[in-house]
Amino acid sequence: MARISSRNSQIRRIKSLKNGSNINKDIELYDLEQDNYRSVHFEIPAGSIVIVEGIFLQRKELKGIFDLDR
């Protein structure tokens with residue numbers, strides 16, 4: 001299992017949500033207290049409100065994907 005997903009796979013998931021698909025993904029998160037990685041399952045149902053922050057919002061590949069009017 002990869003610890004860091006590629007930007008392309010992140011963008012595909014965001015576009016998939018925008019198009020009405022669910023996201024089911026296992027990812028590894030770093031546990032600072034235990035000094036190791038642990039697997040966590042995330043489910044994001046279609047129609048969910050997803051908050052994206054940071055420099056990732058500025059990617060040209062995502063222009064027009066986000067609904068900023070709501």
Open item on the list: Consider region 30-66. How many of its residues are in contact with a helix residue (DSSP H, G or I) (Cβ under 8 Å, 6 or more places away or on another chain), part of a loop (DSSP other than H, G, I, E, B) and not aromatic (Phe, Trp, Tyr)?
Closed with: 6
- [ ] Please state which one of GLU43, GLU33, GLU53 is at pLDDT 85 or above, within 13 Å of the chain's Cα centre (by Cα) and open to solvent by 100 Å² or more (accessible area, probe 1.4 Å).
- [x] GLU43
Open item on the list: Checking the conditions here, which among SER21, SER6 is open to solvent by less than 100 Å² (accessible area, probe 1.4 Å), more than 12 Å from the chain's Cα centre (by Cα) and of a type in the set (Ser, Thr, Tyr)?
Closed with: SER21
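The values are calculated or read from the model by the stated rules, or taken from the named source; none is laboratory data. Keep in mind it's a predicted model, so treat the numbers as computed, not measured. No Cβ is skipped: glycine too gets one built from the backbone with ideal geometry, and neighbour counts run over all protein chains shown. The protein model used for the area step is the full one, side chains on, heavy atoms only, and it has no ligands, DNA or RNA in it. Shrake-Rupley method; radii C 1.70, N 1.55, O 1.52, S 1.80 Å.
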